[in-house]
1. Arrange MET75, MET129 by Cβ neighbour counts within 10 Å, fewest through most, would you?
2. Using DSSP to define loop residues, name the trypsin sites (Lys or Arg not before Pro) in region 118-206 whose beta-carbon has at most 11 other beta-carbon atoms within 10 Å.
3. Are any of the pairs LYS134/LYS168; LYS179/LYS329; LYS134/LYS235; LYS47/LYS235 more than 26 Å apart by Cα-Cα distance, and if so, which?
4. Rounded to the nearest 500, what is the chain's calculated 222 nm mean residue ellipticity when only DSSP H runs of at least 4 contribute -39500 (n - 2.57) each, over all residues?
5. Could you check which residue among ASN296, ASN252, ASN135 shows the biggest mean-square fluctuation in a GNM of the chain with a 10 Å Cα cutoff?
6. Name the shape class, rounded, prolate or oblate, that the alpha-carbon gyration tensor gives for the chain, where a ≥ b ≥ c are the square roots of its eigenvalues, rounded holds for a/c under 1.5, and otherwise prolate holds if a/b is larger than b/c and oblate otherwise.
7. Please compute the net charge surrounding VAL266, taking Lys and Arg as +1 and Asp and Glu as -1 over other residues with Cβ under 13 Å from its Cβ.
8. Lys and Arg at +1, Asp and Glu at -1: add these up for the other residues within a Cβ distance under 14 Å of ALA126 and post the number.
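Here, each number is a calculation from the coordinates, and none is a lab measurement. Predicted model only: the values in this text are computed from it and were never measured. Every residue, glycine as well, gets a Cβ built from its backbone with ideal geometry; the counts of neighbours run over all protein chains shown.
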Amino acid sequence: MTQDTNLPNRRALLRGGALAALATPALIGKGIAQGAATWRVQSHWPKASSSFTDSLGVLAALVEERTDGALKLEMLGAGEFAKGPDIYNIVRKGVVPMGTISPSYINDQAEAAAFLYGIPGTLRAAWEMEHAVKNLGLEDLVNVDLEPEGVLILSEKVLPTEMVSSKKITSAADFQGLKIRSSGSMLDYLAAAGAAPQYIPGSELYQSLSSGVVDGAHWGAAIGAQSMSLWEVCKYHYKPVLAQTTDSYILNIEALEELDDDLRSVLLDTIGNRFFLRSAEYQHKEAIALTEGVANEGIEVVTLPDDVLQMLAEASTQVLETEGQKGEKAAQAAAIYQTLMGDLGYV
């Protein structure tokens, strides 16, 4: 499969070759200090989330180091200026120049956003999603819609999505009506399989679980459950992976263009390089977190029963078809999934 050559080249989105990659990240000379800038970055991750430190925190440290302190990223935890879907609007309006989001938050802004987030029950391994996002064009398809609004999305990592619950699921009857915190196309997926999903911001998730507002949730998989203390109230961790999903950075294009060329190149190059490094690192840390959860927090790893898996498989087909009907770009994204799944022997 090859990427659609009609998709916009990101270099065309930003004047002066803003996305020209640096072969080897290097320190910027001290003379660049005259163009120094501090960017506020509104994250969708609460400060308790591991990704706030291991994703955004590492990016901020690397960018500051590689620009010799000329570009600093000031990290804002979920809700400091905005949370969840509202982050897109404050970046679009230039209230802050940069944010982190789940692509599931921008389904109304981009036809292919659900595919960049990840269609549940389709791709099974992280490398498959990485390939689809960066090499086969999913990210580019989303940027077709976001660029006219002055926003650029750059995928941060691929991560698995798995569910935790305070209730043990032994049959389809147990799954029916289960109140699960979810977002994006995963809401439709879980609802089609008979659950009762609802969206809750990450900053409110622990309280919602501990008070019984919801019975379960997905916030990534093991790392998310561990860092957000979800296992304190949800002792059942469910396999298999519901979906391979992504987190993303969003940037205000006007603010990006106003950066000195060298600073802009370092920022974009570092984000690009970190995508693959962070995705691989995340898979390793997932295994460690799950082992620690079993040993130290008394969680039970449970495989969803066959009748629930069958319902989820039927729901996956329904979501893929529905999302693919949202327009031309959504149809292209659906074709990327269908072709790749066919090549892999999944369909």
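1. Details: MET75 20, MET129 28.
Ranking MET75, MET129 by Cβ neighbours within 10 Å, fewest first, gives MET75, MET129.
2. On the way: sites: ARG124, LYS134, LYS157, LYS167, LYS168, LYS179, ARG181; in loops: ARG124, LYS167, LYS168.
Here the trypsin sites (Lys or Arg not before Pro) that fit, given the DSSP loop and packing criteria, are LYS168.
3. Details: LYS134/LYS168 37 Å; LYS179/LYS329 32 Å; LYS134/LYS235 36 Å; LYS47/LYS235 23 Å.
Result: LYS134/LYS168; LYS179/LYS329; LYS134/LYS235 exceed 26 Å.
4. Details: 14 runs with 140 residues, N = 347.
Helix-only estimate at 222 nm: -12000 deg cm²/dmol.
5. ASN296
6. Working: a/c = 1.96, a/b = 1.45, b/c = 1.35.
Because a/c hits 1.5 or more and a/b exceeds b/c, the chain counts as prolate.
7. Values: positive: ARG66, LYS72, ARG264, ARG274; negative: GLU64, GLU65, ASP68, ASP260, ASP261, ASP262, ASP269.
Local charge sum for VAL266: -3.
8. Values: positive: ARG124, LYS134, LYS157, ARG278, LYS285; negative: GLU128, GLU130, GLU156, GLU162, ASP247, GLU281, GLU286.
Residues near ALA126 contribute -2 overall.
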